[in-house]
Amino acid sequence: MTKIRAAITAVNGWVPDYVLTNQELEKMLDTTDEWITTRTGIKERRILKEQGKATSDMGAKAVEGLLKKRGISAEEIELLICCTVTPDMSFPATSNIICDKIGAKNAYAYDINAACSGFIFSLITASQFIETGRHKKVVVVGADKMSSILDYTDRQTCVLFGDGAAAVLLEPDESGNGIIDSSLRTDGSGRAFLHMKAGGSLKPSSHETVNAKEHFVYQEGQSVFKFAVTRMADITLEVMKRNNLKGQDIAWLVPHQANKRIIDATANRAEIPESKVMLNVFRLGNTTDATIPLCLWEWEDKMKKGDNIILTAFGGGFTWGAVYLKWAYDTPEK
Ligand code: UT7
């Protein structure tokens with residue numbers, strides 16, 4: 001019997017129009033384009049400026065475009081998983097709100113929070129429903145309005161992140177393509193280095209927490225960097241070795257876009273040349289849950305059916321992981 005695999009059969013992204021450049025940040029903060037570029041690779045990022053718009057609005061746009069591309073209706077979605085660290089509200093789940101906005105009346109939905117590894121964790125969760133035969137159409141959408149939790153006076157953190165959303169559709173594949181293997185990890189002791197201090201049950205919101213700026217991203221960059229640079233490469237190699245893959249066998253490495261130096265270190269250890277690494281951190285910064293599907297969207301027409309693809313991420317938690325998949329379709333000529 002042929003194994004049913006979960007394959008990505010469509011991908012779509014959405015980013016806001018507003019471009020926040022390093023030059024504009026130079027005017028707001030004690031920073032320079034040179035510092036940001038050499039330390040991170042980032043030149044600009046997109047920001048959702050429109051009043052009253054939230055993560056779900058970006059997610060809904062990404063999913064609407066996804067459905068249009070695949071030629072299916074919102075009613076056909078059986079399950080929608082949204083990964084985000086910037087939900088519209090603490091509850092209900094942002095995935096529920098997206099389903100309401102797009103008219104996915106027959107779907108059930110829930111959110112997954114695994115910070116910057118959220119897309120990979122959600123993809124593997126979603127793939128189980130396809131592999132077991134329970135569902136035939138599952139959407140995973142990564143969406144974050146990082147600008148809503150950034151302190152634009154904190155130069156160490158605010159320069160790193162941007163806003164955006166991207167979604168994939170998972171469907172069954174019996175031709176040998178789709179998601180083949182993965183490794184996912186968490187280490188909760190890493191929370192000390194990357195978290196939001198207040199607004200949860202540990203420290204509910206109060207005048208004091210607002211005054212102390214405790215509703216913003218807190219990151220000890222250097223500590224996170226040290227873990228990210230080793231863990232992301234280690235897990236990528238673990239998945240490659242288990243599947244007898246060498247650097248030359250990989251068509252595309254799709255890394256979480258936090259910092260070009262972390263990406264370079266992973267690609268070097270996996271012996272994958274830069275020409276085979278999807279990289280858009282220059283233009284979009286770190287969009288947290290959206291980085292990997294935004295890359296897939298941007299490189300969609302360069303991937304070929306049967307290509308060996310490795311997705312890899314490291315993020316707050318700590319969380320990290322890698323996925324090996326075979327791309328399942330050729331993009332039709334426009
Ligand atoms: O996606 C979630 C996971 N997160 C990550 O993967 C982020 C991992 N960390 C990083 O990418 C890097 O640690 C950063 C890009 C955040 C920082 O780079 P770094 O090379 O680790 O710099 P640093 O924090 O050690 O700071 C070096 C210097 C400091 O000055 P002193 O103490 O040496 O005088 C900082 O105050 O750079 C200073 N600095 C800045 N200078 C200009 C920090 N931020 C800035 C800035 N502009 N924006």
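The values are calculated or read from the model by the stated rules, or taken from the named source; none is laboratory data. The structure displayed is predicted, hence computed values, not measured ones. Glycine also receives a Cβ, built like all others from the backbone with ideal geometry; neighbour counts cover every protein chain displayed. Surface areas here come from the heavy atoms of the whole protein model, side chains and all, with no ligands, DNA or RNA. Shrake-Rupley method; radii C 1.70, N 1.55, O 1.52, S 1.80 Å.
Filter segment 16-45 down to residues that are open to solvent by 30 Å² or more (accessible area, probe 1.4 Å) and hydrophobic (A, V, I, L, M, F, W, C) and give me whichever is farthest from the ligand (Cβ to nearest atom). Filtering first and then ranking leaves 19.
Conditions tested, residue by residue: (1) within 27 Å of residue 50 (Cβ to Cβ); (2) not assigned by TED's automatic domain parsing to the domain that holds residue 52; (3) not aliphatic (A, V, I, L, M).
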| position | (1), (2), (3) |
| --- | --- |
| 125 | no, no, yes |
| 129 | no, no, yes |
| 163 | yes, no, yes |
| 170 | no, no, no |
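Residue 8 passes every criterion in (1) among the aliphatic types (A, V, I, L, M); (2) within 16 Å of the ligand (Cβ to nearest atom); (3) outside any helix (DSSP H, G or I) apart from (2).
Just to be sure, is residue 48 within 14 Å of the ligand (Cβ to nearest atom), open to solvent by less than 40 Å² (accessible area, probe 1.4 Å) and not small (Gly, Ala, Ser)? So that I can check it myself, show each step before the final result.
Working: within 14 Å of the ligand (Cβ to nearest atom): no; open to solvent by less than 40 Å² (accessible area, probe 1.4 Å): yes; not small (Gly, Ala, Ser): yes.
The answer is no for residue 48.
Restricted to segment 103-202, the set of strands (runs of 3 or more DSSP E) holding at least 1 residues that are more than 18 Å from the chain's Cα centre (by Cα) comprises 108-112, 163-173, 178-186, 194-196. With respect to (1) assigned by TED's automatic domain parsing to the domain that holds residue 197; (2) surrounded by fewer than 21 Cβ atoms within 10 Å (Cβ to Cβ); (3) away from the ligand (no atom under 12 Å from the Cβ); (4) not small (Gly, Ala, Ser), the lone exception for residue 272 is condition (2).
For segment 30-53, give me each residue that is among the basic types (Lys, Arg) and not in a strand (DSSP E or B).
Residues of segment 30-53 among the basic types (Lys, Arg): 39, 43, 45-46, 49, 53.
Selection gives 39, 43, 49, 53.
For segment 283-334, the set of residues classified as in contact with a helix residue (DSSP H, G or I) (Cβ under 8 Å, 6 or more places away or on another chain) and in a helix (DSSP H, G or I) consists of 284, 288, 289, 290, 291, 292, 293, 294, listed by residue number. The set of residues in segment 179-224 that are loosely packed, with under 15 Cβ neighbours inside 10 Å, of a type in the set (A, V, I, L, M) and away from the ligand (no atom under 16 Å from the Cβ) comprises 202, 210, 212. Applying the criterion of being open to solvent by 50 Å² or more (accessible area, probe 1.4 Å) and near the ligand (Cβ under 9 Å from one of its atoms) to the residues of segment 226-249, the residue that is farthest from the chain's Cα centre (by Cα) is 226. Among the residues of segment 58-96, those identified as open to solvent by 30 Å² or more (accessible area, probe 1.4 Å) and part of a helix (DSSP H, G or I) are 61, 64, 68, 69, 70, 75, 76, 96. Annotation: residue 283 fulfils all but one of (1) more than 25 Å from residue 6 (Cα to Cα); (2) crowded, with 24+ Cβ neighbours inside 10 Å; the unmet one is (2).
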